[in-house]
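Trainee: The structure under discussion is supplied below as structure tokens; questions concerning it will follow.
Values quoted throughout were computed directly from the atomic coordinates according to the rules given, and no laboratory measurement underlies them. Fair warning: this is a prediction, and the values are worked out from it, not measured in the lab. Cβ sites come from the backbone with ideal geometry, for glycine too, and all protein chains shown count toward neighbours.
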């Protein structure tokens, strides 16, 4: 059996870390592939082995978003539905605390039109798993005349919009992650209760 090439995950990690560091320092639009490979101490050819030409930077950003949401899923673990519906439960604030910790990165990911579809899709999958809903239920089940998939898509869009408002408006910095979580649940609880 052929051993996996350990250079691939190492290279992916270097490229992700380089983009994350550059986003913290610069406007995303101003970052070039050359900036990324210079920061990662890799060659351009190595970058293009992993990512396609013209869309390579956006593909890397999507990879970073997926990595970010995987980290969030790991932190959250497997809470129960009652955790989700319990006011001020610590797990409810975790997505918002995570966004605050990675504020610059979330700003780019949430507002970059090329990555919004991937972000909504990832949030949708995260919320479905969080609520204990399988992919089959997402596609086939209807609750209260509303397909579960529609409810989960609504919740993902609401979370994306609330995060974008919170992270991009200087007037909202007084709100903590717990405050934002409570706002989110106050606005979306009827939708959550329709599938729990």
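Trainee: Would you mind pulling out the separation of the Cα centroids of segment 3-68 and segment 72-98, in Å?
Mentor: Answer, in whole Å: 30.
Trainee: Based on the alpha-carbon gyration tensor of segment 1-50, what equivalent-ellipsoid semi-axes (square roots of 5 times the eigenvalues) come out, in whole Å, largest first?
Mentor: Square roots of five times the eigenvalues give 24, 11, 7 Å.
Trainee: Moving on. Could you order the peptides 150-157, 45-52 from most to least packed, using the average number of other C-beta atoms within 10 Å per residue?
Mentor: Per-residue mean Cβ counts within 10 Å order the peptides as 150-157, 45-52.
Trainee: What does the extension gain come out to for residue 74 and residue 176, with contour length at 0.36 nm per residue minus their alpha carbon separation?
Mentor: Contour length minus Cα-Cα distance gives 34.6 nm.
Trainee: Something else: By how many nm would the segment from residue 165 to residue 17 lengthen if fully extended, with 0.36 nm per residue of separation less the alpha-carbon distance?
Mentor: 50.7 nm
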